[in-house]
Amino acid sequence: MKYLRVWYVLGASIALICVFFYQTLFYGKLPVPSDTLVGLYHPWRDLYAKEYPRGIPYKNFLITDPVRQQIPWRKVVMDAWKNGSAPTINAFTFAGAPIDANVQAAPFYPLNILFLLLPFSAAWTLLIMLQPFLAGIFLYMYLRRHALSVAAAFTGAMSWAFGGFAVAWLTWGTIMHTALWLPLMLLSVDNLVLADKKKAFYAKWTMVLATAGIMTILAGHIQVALYSGLAVCAYMIWKRKDITGRRHYPWIVLAILAVVVVTAIQWVPLVSFFSESGRASASASYLKAGWFVPWQHLAQFVAPDFFGNPATLNYWGEWNYGEFVGYVGIIPLVFAISALFSGGIPGFFTSVIIVCLLGILQSPLSRLPFVLELPVLSVMQPTRLMVLLDFALSVLAAYGLDTFLKGGRRKLRVGVAVTAVFLGILWVIVLGAKYIGADSATLANLTVAKRNLVIPTGIFGFLAILLVIFSRVRYALWKYLGITAVCMVIVFDLFRFGWKFTPFTDPAYFFPKTGIISFLEQQDPPFRVMSLDDRILPPNVSAYYGIESVEGYDPVASVLYENFLAASERGNANVMQGSGFNRIYTAHNIDSVLLPYLNVKYVLTLTDISRPFLREVMREGETRLYEYTQSYPRVYLADAVQVAKGADTLAKLFASETKYTAVYDGYPHVVNMPLTGNESAEILSYSAGSIAVRVHAENERLLVLLNRFDRRWTATVDGLKAPNLTRVNYLFMGLKVSPGSHDIILSYR
């Protein structure tokens with residue numbers, strides 16, 4: 001009977017996934033916001049201009065990061081794996097950046113095997129669909145381990161799998177994959193503290209704990225992984241009261257060591273590169289609106305669209321909706337409130353909720369880590385604590401329902417009363433504003449709020465009526481039907497919310513090729529492109545097509561690249577002046593004297609540009625493609641070598657009148673004179689992490705490679721290991737070569 005019940009639950013979970021993703025299963029649509037790519041940006045808008053002159057309609061303008069970050073990065077990762085090499089470098093942005101240090105690219109996540117078995121879009125779709133399925137199953141297992149009823153455990157699992165945090169970050173394919181392993185880790189801890197079990201039992205759950213921990217770190221979001229790890233550690237400490245003796249500690253320590261060792265492949269490059277990033281000193285971000293959850297946005301726990309919804313273009317709250325929506329369903333919220341401040345497991349999760357609220361709501365206490373500039377914490381947006389808040393609410397919802405089903409109705413009255421008060425306050429606000437002289441804009445916004453309060457209030461009313469009936473019904477069948485009705489209403493509530501926010505798009509919109517894209521793909525690398533308008537080829541997207549760009553979008557990027565690009569944009573070498581970039585790095589100054597060093601060959605624009613160094617290549621709709629003829633080759637022998645440090649290097653580049661300049665921090669034991677006609681440097685083969693160069697020099701020369709300097713690059717000259725590369729021209733790489741002809745291999749490790 002026990003195993004039959006497991007199959008029932010598994011079948012019900014699969015059925016829920018099929019219902020939520022019905023547009024994918026029956027209509028072939030992808031749970032990917034690629035409609036924003038083709039609807040917002042050129043040249044894709046040009047591709048569909050005849051059919052959609054104003055652009056393809058898109059569902060949710062808030063969701064663009066998956067197509068501008070996660071999908072292109074994963075494509076770079078999987079292209080490397082398919083080529084038989086570990087992903088180490090992303091050559092397509094920032095003049096080269098370590099992709100193995102990019103946690104959000106999830107280069108080592110074991111579920112990447114899907115991309116080796118399926119076409120990329122199909123694999124990404126399955127990756128998205130697995131999130132609510134695994135999240136629900138793992139939490140159900142954890143709750144059943146604590147003897148909660150099937151209905152209660154299933155309710156908690158649904159609230160977690162389809163709640164506000166899960167839906168808001170569903171299409172990212174990383175954040176929920178990081179979070180979904182949390183209940184499995186907690187379940188492992190529960191079993192590892194049991195007494196009088198055989199070694200095989202402890203070994204099994206040690207392996208489960210280690211595996212879940214590894215998956216958490218490798219899944220693609222380090223901040224959520226950190227929060228999950230802290231929650232598990234707190235749970236271990238809280239569980240000490242259940243441990244008799246010390247025989248359990250070695251197993252837990254073994255699991256932790258396994259996690260640390262295995263995931264070193266990810267966190268070692270991250271730690272190494274993070275010190276080079278501008279993000280390491282970005283603690284002033286906490287002063288921006290939306291860094292914390294505004295107090296008024298607590299209304300979204302009761303009515304997720306009280307402030308409107310970006311998908312319906314009527315959102316009027318603070319930026320941004322996705323960071324603030326912690327909705328787990330109005331009915332689960334009632335049961336969660338009823339379980340607050342209970343003993344045992346609910347007591348632990350009540351503490352989690354309190355800590356999370358103290359961290360995400362703006363107050364002197366929550367601002368303290370940022371004011372003190374505490375390492376790591378001061379660069380993490382606290383709204384992501386919503387992951388633990390939603391998880392704790394879902395667990396408490398299950399406990400609250402289980403207590404009610406076992407006859408404990410008194411606490412449920414508290415949950416009903418508190419929720420009724422919250423709803424009542426919101427109704428007083430939306431109905432009473434016109435009586436206190438609110439302006440027309442506020443009244444219009446509150447009309448949206450009023451409309452979006454109706455369904456949560458109706459569902460709450462349904463629950464209240466059903467609870468009254470429950471108190472008078474004695475027959476088990478009717479109670480069973482009542483619980484079934486409650487679960488169905490919860491599903492309706494969460495799915496309505498999820499479908500409203502989540503885009504399902506035509507497969508044809510998934511990174512389609514246009515005339516300009518196809519042209520750029522056919523050109524021999526290496527070269528880079530740039531866009532003179534933010535509406536063209538957004539940063540990172542070119543990486544999906546294997547096209548290098550000077551732009552990039554990443555919270556962790558080289559501060560030297562940031563300074564170089566900023567200097568190029570503003571036309572001066574003052575690196576103390578703010579760059580103006582915030583995660584998104586773009587270049588629009590076509591006249592910059594630094595631009596040739598970025599090896600830009602093609603320029604995209606929406607307007608005609610007249611410069612002697614630009615040659616129009618083609619047009620596609622409104623998009624013009626120009627060839628930039630002033631670009632320096634990716635490799636060259638320097639004919640003018642100067643010595644400088646830091647910003648002085650940039651100043652010398654601005655002042656240089658020689659074409660093939662090299663400025664570096666060192667002693668130029670090379671000939672500083674113009675090249676002869678017989679001296680040359682050419683690329684024989686080029687890939688992201690391996691470059692073959694043939695050089696002919698008649699004197700000692702400095703070879704300059706216009707890729708970002710990184711100590712992980714190594715060089716061999718005629719098969720022999722060369723001295724270390726040096727930083728040249730502030731950002732790029734240089735290598736001293738002796739007279740003669742040489743074959744040089746540069747490799748990224």
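The values are calculated or read from the model by the stated rules, or taken from the named source; none is laboratory data. Bear in mind that the values here come from a model prediction, so they are computed numbers and not experimental data. Cβ placement follows ideal geometry from the backbone for every residue including glycine, while neighbour counts extend to all protein chains displayed.
Select from the stretch 706-741 the residues that are within 13 Å of V695 (Cα to Cα) and either in a loop (DSSP other than H, G, I, E, B) or in the same structural domain as P596 (by TED's automatic domain parsing) (or both) and list them in ascending order.
Those that are within 13 Å of V695 (Cα to Cα) and either in a loop (DSSP other than H, G, I, E, B) or in the same structural domain as P596 (by TED's automatic domain parsing) (or both): D718, S738, P739.
Among the residues of the stretch 58-106, which ones are part of a strand (DSSP E or B) and either among the hydrophobic types (A, V, I, L, M, F, W, C) or touching a Cys at 6+ places or on another chain (Cβ under 6 Å) (or both)? First the steps, then the outcome.
If we filter the stretch 58-106 for residues that are part of a strand (DSSP E or B), which is where we start, we get 89-90, 97-98.
Correct list: I89, A97.
Quickly run through the stretch 25-61 and pick out the residues that are surrounded by fewer than 20 Cβ atoms within 10 Å (Cβ to Cβ), within 28 Å of F138 (Cβ to Cβ) and either of a type in the set (S, T, N, Q) or in contact with a helix residue (DSSP H, G or I) (Cβ under 7 Å, 6 or more places away or on another chain) (or both).
Residues satisfying the conditions are L25, K29.
Just one of the numbered conditions (1) closer than 25 Å to R535 by Cβ; (2) surrounded by fewer than 21 Cβ atoms within 10 Å (Cβ to Cβ); (3) of a type outside the set (S, T, N, Q) is not true of I113; which one?
Condition not satisfied by I113: (1).
Determine, yes or no, whether S378 is of a type in the set (G, A, S), surrounded by fewer than 23 Cβ atoms within 10 Å (Cβ to Cβ) and touching a residue at least 40 places away in the same chain (Cβ under 8 Å).
Against the criterion (of a type in the set (G, A, S), surrounded by fewer than 23 Cβ atoms within 10 Å (Cβ to Cβ) and touching a residue at least 40 places away in the same chain (Cβ under 8 Å)), S378 qualifies.
Looking at the stretch 403-410, is at least one residue surrounded by fewer than 21 Cβ atoms within 10 Å (Cβ to Cβ) and in a helix (DSSP H, G or I)? Steps first, please.
Our first condition is that a residue be surrounded by fewer than 21 Cβ atoms within 10 Å (Cβ to Cβ); within the stretch 403-410, this holds for 405-410.
Still in the running and in a helix (DSSP H, G or I): 405, 410.
Yes.
Residues of the stretch 576-600 being in contact with a Pro (Cβ under 9 Å, 6 or more places away or on another chain) and crowded, with 20+ Cβ neighbours inside 10 Å, which ones?
If the condition is that a residue be in contact with a Pro (Cβ under 9 Å, 6 or more places away or on another chain) and crowded, with 20+ Cβ neighbours inside 10 Å, then Y585, T586, N599 are the ones that fit.
Yes/no per residue for (1) among the polar types (S, T, N, Q); (2) in contact with a Ser or Thr (Cβ under 6 Å, 6 or more places away or on another chain):
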residue	(1), (2)
Y660	no, no
T676	yes, no
S680	yes, no
H696	no, yes
G719	no, no
M733	no, no
V737	no, no
S741	yes, no
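Of all residues in the stretch 40-55, which are under 17 Å from N540 (Cα atoms) and outside any loop (DSSP other than H, G, I, E, B)? Outline the logic, then answer.
We begin by selecting, within the stretch 40-55, every residue under 17 Å from N540 (Cα atoms); these are 40-44.
Matches in the stretch 40-55: L40, H42, W44.
Quick one: which of Y597, Y602, Y561 is modelled with pLDDT of 95 or more and within 23 Å of the chain's Cα centre (by Cα)?
Working: Y597 fails: within 23 Å of the chain's Cα centre (by Cα); Y602 fails: within 23 Å of the chain's Cα centre (by Cα).
The conditions single out Y561.
Tally up the residues in the stretch 552-573 that are within 21 Å of I590 (Cβ to Cβ) and either among the polar types (S, T, N, Q) or part of a loop (DSSP other than H, G, I, E, B) (or both), please.
5
It is to be established whether one or more residues within the stretch 648-655 are in contact with an Asp or Glu (Cβ under 7 Å, 6 or more places away or on another chain), charged (D, E, K, R) and surrounded by fewer than 20 Cβ atoms within 10 Å (Cβ to Cβ). Walk me through how you get there before you give the answer.
Residues of the stretch 648-655 that are in contact with an Asp or Glu (Cβ under 7 Å, 6 or more places away or on another chain), as a first pass: none.
Scanning the stretch 648-655, I find no residue that is in contact with an Asp or Glu (Cβ under 7 Å, 6 or more places away or on another chain), charged (D, E, K, R) and surrounded by fewer than 20 Cβ atoms within 10 Å (Cβ to Cβ), so the answer is no.
Hey, any hits in the stretch 17-31 for a residue that's among the aliphatic types (A, V, I, L, M), in contact (Cβ under 8 Å) with a residue 40 or more places away in the chain and farther than 16 Å from A508 by Cα? Outline the logic, then answer.
From the stretch 17-31, those among the aliphatic types (A, V, I, L, M) are 17, 19, 25, 30; that's our starting set.
Imposing the further condition that a residue be in contact (Cβ under 8 Å) with a residue 40 or more places away in the chain reduces the set to 17, 19, 30.
Then keep just the ones that are farther than 16 Å from A508 by Cα; that gives 17, 19.
Yes.
Which condition does E682 not pass, out of (1) among the acidic types (D, E); (2) more than 21 Å from G571 (Cβ to Cβ); (3) surrounded by 14 or more Cβ atoms within 10 Å (Cβ to Cβ), if it passes all the others?
(3)
Quick check on I237: is it among the aliphatic types (A, V, I, L, M) and either within 18 Å of the chain's Cα centre (by Cα) or buried (at least 19 other Cβ atoms within 10 Å of the Cβ) (or both)? Write out each step before concluding.
Numbers: among the aliphatic types (A, V, I, L, M): yes; either within 18 Å of the chain's Cα centre (by Cα) or buried (at least 19 other Cβ atoms within 10 Å of the Cβ) (or both): no.
So I237 does not fit the description; no.
Quick test for you: out of T206, T178, T171, pick the one residue that is polar (S, T, N, Q), under 22 Å from the mean Cα position of the chain (by Cα) and under 28 Å from L257 (Cα atoms). Spell out the reasoning first.
Values: T206 fails: under 22 Å from the mean Cα position of the chain (by Cα); T171 fails: under 28 Å from L257 (Cα atoms).
None of the other options fit; the residue is T178.
From N729, N707, grab the single residue that is at positive phi, touching a Phe, Trp or Tyr at 6+ places or on another chain (Cβ under 7 Å), surrounded by 17 or more Cβ atoms within 10 Å (Cβ to Cβ) and touching a residue at least 40 places away in the same chain (Cβ under 8 Å). Please lay out each step first, then the result.
Numbers: N707 fails: at positive phi.
That would be N729, the only listed residue that is at positive phi, touching a Phe, Trp or Tyr at 6+ places or on another chain (Cβ under 7 Å), surrounded by 17 or more Cβ atoms within 10 Å (Cβ to Cβ) and touching a residue at least 40 places away in the same chain (Cβ under 8 Å).
For the stretch 70-90, give me each residue that is farther than 21 Å from L117 by Cα and crowded, with 24+ Cβ neighbours inside 10 Å. Don't jump to the end; show me each part of the working.
To start, the set of residues in the stretch 70-90 that are farther than 21 Å from L117 by Cα comprises 88-90.
Result: I89, N90.
Of the residues T216, T178, only one is crowded, with 24+ Cβ neighbours inside 10 Å, free of Cβ contacts under 8 Å to residues at least 40 places away in the same chain and over 11 Å from W251 (Cα atoms); which?
Working: T178 fails: free of Cβ contacts under 8 Å to residues at least 40 places away in the same chain.
Selected residue: T216, the only one of T216, T178 that is crowded, with 24+ Cβ neighbours inside 10 Å, free of Cβ contacts under 8 Å to residues at least 40 places away in the same chain and over 11 Å from W251 (Cα atoms).
Given (1) crowded, with 21+ Cβ neighbours inside 10 Å; (2) in a helix (DSSP H, G or I), where does M141 come up short, assuming only one miss?
The one condition M141 does not meet is (1).
Quick one: which residue in A420, A444, A433, A449 is free of Cβ contacts under 8 Å to residues at least 12 places away in the same chain and of a type in the set (A, V, I, L, M, F, W, C)? Steps first, answer last, please.
Numbers: A420 fails: free of Cβ contacts under 8 Å to residues at least 12 places away in the same chain; A433 fails: free of Cβ contacts under 8 Å to residues at least 12 places away in the same chain; A449 fails: free of Cβ contacts under 8 Å to residues at least 12 places away in the same chain.
Matching residue, one of A420, A444, A433, A449: A444.
Restricting attention to the stretch 151-164, does a residue exist that is among the aliphatic types (A, V, I, L, M), at pLDDT below 95, outside the structural domain of F732 (by TED's automatic domain parsing) and closer than 30 Å to D305 by Cα?
Residues of the stretch 151-164 among the aliphatic types (A, V, I, L, M): 151-153, 157-158, 161.
Those still in the list that are at pLDDT below 95 too: 151.
Retained after the next criterion (residues that are outside the structural domain of F732 (by TED's automatic domain parsing)): 151.
Still in the list and also closer than 30 Å to D305 by Cα: 151.
Yes - at least one qualifying residue is present in the stretch 151-164.
Out of the residues in the stretch 603-630 meeting the condition of being in contact with a Ser or Thr (Cβ under 9 Å, 6 or more places away or on another chain) and polar (S, T, N, Q), tell me which one is surrounded by the most Cβ atoms within 10 Å (Cβ to Cβ).
T623
Among (1) under 20 Å from the mean Cα position of the chain (by Cα); (2) part of a loop (DSSP other than H, G, I, E, B); (3) among the hydroxyl-bearing types (S, T, Y), which single condition is S285 missing?
(2)
Looking at the stretch 341-361 only, could you name the residues that are closer than 15 Å to L389 by Cβ and at pLDDT below 95?
If the condition is that a residue be closer than 15 Å to L389 by Cβ and at pLDDT below 95, then no residue fits.
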